[in-house]
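Undergrad: One structure, as structure tokens, below. Some questions next.
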Amino acid sequence: MGADRPAEKSTGTESVRSLGGLWILAEGQGEMPGCGEATTMMTLGYDSHKQRYVGTWIGSMMTHLWVYDGGKLDAAQKVLTLDSEGPAMTGEGKMAKYKDAIEFKSDDRRVMTSHVLGDDGQWHHFMTVNYWRKQ
């Protein structure tokens with residue numbers, strides 16, 4: 001991760017289930033570049049009082065609880081954008097703003113891209129995750 005480093009690939013699996021038809025729980029397992037084997041858990045749902053998507057993300061490789069708030073679905077209902085805040089990648093103990101966009105390509109495929117807001121005021125892409133439904 002970082003503009004001066006080459007891209008790294010990893011593989012894993014994810015199991016997604018509904019919680020009462022209101023929330024989704026997505027548990028992932030796989031190799032995280034630089035961290036070894038990792039487990040992740042994402043929760044997502046629509047908060048009708050806030051009129052936006054909300055959720056969380058945690059991973060076994062870090063202690064930060066990522067909170068998604070201000071999530072919006074685009075007009076075509078194909079891209080869900082989630083805003084969060086977390087530790088800056090600079091390792092200086094600062095926090096940074098993050099944006100994850102989940103694009104629903106089909107019932108069997110989605111792509112998530114992650115961006116961080118840099119000190120230069122620009123969004124910097126640092127990760128792409130491709131998901132395919134196991135047949």
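Undergrad: Roughly how many Å is it from the Cα centre of region 78-109 to that of region 28-71, as a whole number?
TA: After rounding, the separation between the Cα centres reads 9 Å.
Undergrad: Which value, in Å², gives the accessible area per residue of the chain when a 1.4 Å probe is used on the protein heavy atoms?
TA: Result: 69 Å² of accessible area for each residue.
Undergrad: Quick one: pull the percent of accessible area on the chain belonging to carbon and sulfur, 1.4 Å probe, ligands and nucleic acids left out.
TA: Working: 4990 of 9350 Å².
Ligands and nucleic acids excluded, carbon and sulfur reach 53 percent.
Undergrad: For the chain, divide the Cα radius of gyration by the Kirkwood radius and give the resulting Rg/Rh value with two decimals.
TA: Using Cα coordinates only, the ratio equals 0.94.
Undergrad: Quick one: of LYS50/LYS99; LYS50/LYS97; LYS97/LYS134; LYS9/LYS50, which pairs are farther than 30 Å apart, Cα to Cα?
TA: Values: LYS50/LYS99 19 Å; LYS50/LYS97 20 Å; LYS97/LYS134 33 Å; LYS9/LYS50 37 Å.
Too far apart for the 30 Å limit: LYS97/LYS134; LYS9/LYS50.
Undergrad: Compute the Rg/Rh shape ratio of region 9-70: radius of gyration over Kirkwood radius, all on alpha-carbon atoms.
TA: Ratio of gyration radius to Kirkwood radius for region 9-70: 1.04.
Undergrad: For the chain, build the charge dipole from Cβ charges (+1 Lys, Arg; -1 Asp, Glu) around the Cα centre, then report which of GLY118, PRO33, SER15 sits farthest towards its positive end.
TA: Positive-end residue among those listed: SER15.
Undergrad: Mind checking which aspartates and glutamates have their C-alpha under 14 Å from LYS72, skipping anything on the same chain fewer than 8 residues away?
TA: The qualifying aspartates and glutamates are ASP47, ASP83, ASP100, GLU103.
Undergrad: Right, here's the next one. How big is the charge dipole of region 1-57 about its Cα centre, in debye rounded to the nearest 20, if each Lys and Arg gets +1 on its Cβ and each Asp and Glu gets -1 on its Cβ?
TA: The dipole of region 1-57 has a size of about 280 debye.
Undergrad: Only four residue types carry charge here, +1 at the Cβ of Lys and Arg and -1 at the Cβ of Asp and Glu. Report the dipole size of the chain about the Cα centre in Debye, rounded to the nearest 20.
TA: Numbers: 15 positive and 18 negative charges, 89 e Å.
So the dipole magnitude of the chain works out to roughly 420 debye.
Undergrad: Using a Debye calculation, one point per C-alpha and no hydration shell, please list log10 I(q)/I(0) for region 66-128 at q = 0.14, 0.17, 0.20, 0.29 Å⁻¹ in order.
TA: Here log10 of I(q) over I(0) equals -0.44, -0.62, -0.80, -1.26.
The values are calculated or read from the model by the stated rules, or taken from the named source; none is laboratory data. Nothing here was measured: the structure is a model prediction, and the numbers come from that model. When we count neighbours, we look across all protein chains shown, and the Cβ atoms used for this are built from the backbone with ideal geometry, even at glycine. Note: areas computed on protein heavy atoms with side chains; ligands, DNA, RNA excluded. Shrake-Rupley method; radii C 1.70, N 1.55, O 1.52, S 1.80 Å.
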